Amino acid sequence: MPRVRALTILLALGAALALPGCGGERETPPVGRQAGDVGTVAGERLDYLVRVGNSALSEDGFFASLPEEFRTLLSAEEKRAYLDRWVDTELLYLAALDRGLLENAELERRLEQQRREFIANQLLQAVLAERVQVSEGEIADYYAAHLEEYGSEYRYRELVVASQAEAADLHRRLLANPAGFARLAEQHSLAGTARQGGELDWLAKGTMPPEVEERLVKLAPQEISQPFETAWGWTIIQLRERRSSGRTVALPEVREEILRRLTMERRRAVYAEFLEEVQQSYAVRYHPDLDLRLRSDEFRPGGRAQEE
């Protein structure tokens, strides 16, 4: 797996609401892959996956550390990359202890901020678990309403970059010259399809990541999407062609994809609703003179933002 792609997905694993990213012919984890095959030899569980000094990572600890939505999506290669990242972190932590870095005020401040973020995320995950349910009836209704789409296949191009700013710049260039998509993908894309100008072969609905599908069905041929974020980076797609597959896709074939899509939509809605509820209980006030165009040093004591 390319190092950039591995780094991107591992960074994404730290985000509470991270979503699976773009796929196709590049090295995308296949949907439906089971994640319980890490710590086994000849069918028997290992007592640990890796040790560093006196610390050990168990199979249960490994999967508990992953956001739930990633647990069935990681390939063996990505699991190993995550283990390697854990080893790197433990090695650096031990080195930091040896250098006395725990006695550091800035470290304490950052740890406190991470503690707050962790607690906030625990609350959010509990609320999502309580309020986000998708019934079989809702799945069937969605299938019936989108049956025609499930009989369609799509060819598209993708362009994946690391930052939102770079994606926005490339998007402006693509709107000015849509025919230049392949060239820009070859020059800038982090995806494995870069050498092919971002081109993917025909793919049926239900076999692509939800973020891609929900945009493809709305695009006209040759139309370019707005940039959107995935676990692999900021992505832009261009629909090349759409055709009928000539067959009717049965509900069992796409049930899991519909469930993921509806769950994702429900999570987003519940997240927004819950934040609105919380805001009713606590006052939020931005300073009337706040000017985010100030330089960072002007927010510090003695800087312009402190002057009265």
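The values are calculated or read from the model by the stated rules, or taken from the named source; none is laboratory data. Quantities reported herein were computed from a predicted structural model and do not represent experimental measurements. Positions of Cβ are backbone-derived with ideal geometry, glycine not excepted, and every protein chain shown enters the neighbour counts.
At-a-glance table
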| read-out | value |
| --- | --- |
| From Leu159, Leu124, Leu101, Leu170, residue being surrounded by fewer than 14 Cβ atoms within 10 Å (Cβ to Cβ) and not charged (D, E, K, R) | Leu101 |
| Filter pass, Thr248 being buried (at least 17 other Cβ atoms within 10 Å of the Cβ), among the hydroxyl-bearing types (Ser, Thr, Tyr) and either at pLDDT 90 or above or not in a helix (DSSP H, G or I) (or both) | no |
| Looking only at the range 33-66, and only at residues there that are surrounded by 12 or more Cβ atoms within 10 Å (Cβ to Cβ), of a type in the set (D, E, K, R) and modelled with pLDDT under 80, the one that is farthest from Arg267 (Cα to Cα) | Arg45 |
| Per-region count, the range 75-113, residues in contact (Cβ under 8 Å) with a residue 12 or more places away in the chain and among the hydroxyl-bearing types (Ser, Thr, Tyr) | 2 |
| Extreme residue, farthest from the chain's Cα centre (by Cα), among residues of the range 67-76 that are modelled with pLDDT under 80 and not charged (D, E, K, R) | Thr72 |
| Matching residues, the range 54-89, being over 28 Å from Val132 (Cβ atoms) and touching a helix residue (DSSP H, G or I) at 6+ places or on another chain (Cβ under 7 Å) | Ser55, Leu57, Ala81, Arg85 |
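This table checks each residue for (1) of a type in the set (A, V, I, L, M); (2) surrounded by fewer than 15 Cβ atoms within 10 Å (Cβ to Cβ); (3) at pLDDT below 90; (4) touching a strand residue (DSSP E or B) at 6+ places or on another chain (Cβ under 7 Å).
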position: Pro252; (1), (2), (3), (4): no, yes, no, no
position: Leu262; (1), (2), (3), (4): yes, no, no, no
position: Ala269; (1), (2), (3), (4): yes, yes, no, no
position: Tyr282; (1), (2), (3), (4): no, yes, no, no
position: Tyr286; (1), (2), (3), (4): no, yes, yes, no
position: Arg293; (1), (2), (3), (4): no, yes, yes, no
position: Asp297; (1), (2), (3), (4): no, yes, yes, no
position: Arg300; (1), (2), (3), (4): no, yes, yes, no
position: Ala305; (1), (2), (3), (4): yes, no, yes, no
